[in-house]
Amino acid sequence: MPDQVLFGIEVVINGLMAGVLYALVALGFVLIFKASGIFNFAQGVMALFAAMTLVGIQDGQVPFSHLINAIFGTKIHHFGWEVHSILAILVTIVVMIVLAWAVQHFIFKHLVGQEPIILFMATIGLAYFLEGVADLMWGAEIKTLNVCLADGVCLPQGINGFLDATTFNWFGYGLFIDNLDISATIVAVILVAILVIFSQYTKQGRAMRAVADDHQAALSVGISLNYIWILVWSVAGFVALVAGIMWGAKSGVQFSLSLIALKALPVLMLGGFTSIPGAIIGGLIIGVGEKLFEFLVGSMIGGATENWFAYVLALLFLVFRPQGLFGERIIERV
């Protein structure tokens, strides 16, 4: 088999893995939009905040140490201990639940029944507020997130015995697959299965959809907006934590991590803003599409096509199918 074909197979596999990481971020958008009708601009910053909190807890860093030192003239930075990754993740989940309660109690509780644009602007303010709080709590330097995953796993010639028996010959070529991406794929599959079951077959999931359709109508039948919104923001915070772990372990925990939300936008346009499976399918399409396009066409037009391919594809979908592949068609009667 020609080396180019083998490399193309590797490109597709790695594109699928990258697409899963995009989908993880998009899931947070879908959850909140599906439950409350809010496009959460702060989802990327929530992933950043969760990842920075996790690293800070792991390293035993004192929260707001820079601010404390500036005010009191002290020189404290760490407690002097390190926290195991599992325990640090559990503590971070608690932090994200507290954040969900605070967001609901101090912001969206006072915006019930407001126009969607007002709710959207509130999430923009929340994004910049969280980014500032994360900077004050943990500092702005780049941090390394250790989740005990190897850099990658190479599929050696030993696996090729079966392939050789079916006339495929790798000529000693091994496929390199990022171990972190494999982990992200497994986690995403589990998350999607749980979220689909939760959304479609539980009382809370049905209540979430009712709240999204009409806040006032949901209140009139006894659904607690406070409870539902705290629930959905907590779940979105957990999804942001998972996405933050995967992206932070891959590229380091830094403030550019918040920009991954921009990569989720084409995924949402393809899959639909209200579809959990659509977020996964859209992520896979974007991941494979941008890798293959760069591999097949990038060298002919100067490269760096991964920076814009997803947005061009999303633009085409907006023109011909604005609700996305799995989104619900919006019909307004006048």
Candidates Ala218, Ala243 - the one that is closer than 16 Å to Val25 by Cβ, in contact with a helix residue (DSSP H, G or I) (Cβ under 8 Å, 6 or more places away or on another chain) and open to solvent by less than 10 Å² (accessible area, probe 1.4 Å)
Ala243
Options Ala184, Ala150: the member that is modelled with pLDDT under 80, open to solvent by 50 Å² or more (accessible area, probe 1.4 Å), touching a helix residue (DSSP H, G or I) at 6+ places or on another chain (Cβ under 6 Å) and not aromatic (Phe, Trp, Tyr):
Ala150
If Leu262 meets every condition in (1) surrounded by fewer than 20 Cβ atoms within 10 Å (Cβ to Cβ); (2) part of a helix (DSSP H, G or I); (3) over 16 Å from the mean Cα position of the chain (by Cα) apart from one, which number is that one?
(3)
Hits in the stretch 293-327 - residues which are open to solvent by less than 50 Å² (accessible area, probe 1.4 Å) and closer than 28 Å to Thr274 by Cα:
Phe309, Ala310, Leu313, Ala314, Phe317, Gln323, Gly324, Gly327
By residue number, the members of the stretch 1-49 that are more than 17 Å from Val235 (Cβ to Cβ) and touching a Gly at 6+ places or on another chain (Cβ under 8 Å) are Gly15, Leu16, Met17, Ala18, Gly19, Val20, Leu21, Tyr22, Leu48
What residue, of Phe106, Phe120, is free of Cβ contacts under 8 Å to residues at least 12 places away in the same chain and either in contact with a Phe, Trp or Tyr (Cβ under 9 Å, 6 or more places away or on another chain) or open to solvent by 50 Å² or more (accessible area, probe 1.4 Å) (or both)?
Phe106
Which of the residues belonging to the stretch 224-273 are within 22 Å of Glu141 (Cβ to Cβ) and of a type in the set (S, T, N, Q)?
Ser251, Gln254, Ser256, Ser258
Among the residues of the stretch 221-240, how many are surrounded by fewer than 24 Cβ atoms within 10 Å (Cβ to Cβ) and touching a helix residue (DSSP H, G or I) at 6+ places or on another chain (Cβ under 9 Å)?
11
Is the stretch 41-53 home to any residue that is over 30 Å from Glu290 (Cα atoms) and at pLDDT 85 or above?
yes
Those residues of the stretch 199-212 which are open to solvent by 50 Å² or more (accessible area, probe 1.4 Å) and in contact with a helix residue (DSSP H, G or I) (Cβ under 9 Å, 6 or more places away or on another chain), in sequence order
Gln200, Gln204, Arg206, Arg209
Just checking, does the stretch 73-92 include any residue being more than 24 Å from Val189 (Cβ to Cβ), among the hydroxyl-bearing types (Ser, Thr, Tyr) and at pLDDT below 90?
yes
Confirm whether Gly56 is of a type outside the set (A, V, I, L, M, F, W, C), modelled with pLDDT of 90 or more and more than 26 Å from Ile182 (Cβ to Cβ).
yes
Filter result (open to solvent by 10 Å² or more (accessible area, probe 1.4 Å), in contact with a Leu (Cβ under 8 Å, 6 or more places away or on another chain), assigned to a helix (DSSP H, G or I) and farther than 16 Å from Gly244 by Cα) within the stretch 32-67
His66, Leu67
Return a yes/no flag: does the stretch 111-123 have any residue that is at pLDDT 90 or above, touching a His at 6+ places or on another chain (Cβ under 9 Å) and of a type in the set (S, T, N, Q).
no
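The values are calculated or read from the model by the stated rules, or taken from the named source; none is laboratory data. Because the structure is a prediction, the values reported are computed rather than measured. Note that each Cβ is placed from the backbone with ideal geometry, even for glycine, and that neighbours are counted across all protein chains shown. Heads up: the accessible areas ignore ligands, DNA and RNA and are worked out on the full protein's heavy atoms, side chains in. Shrake-Rupley method; radii C 1.70, N 1.55, O 1.52, S 1.80 Å.
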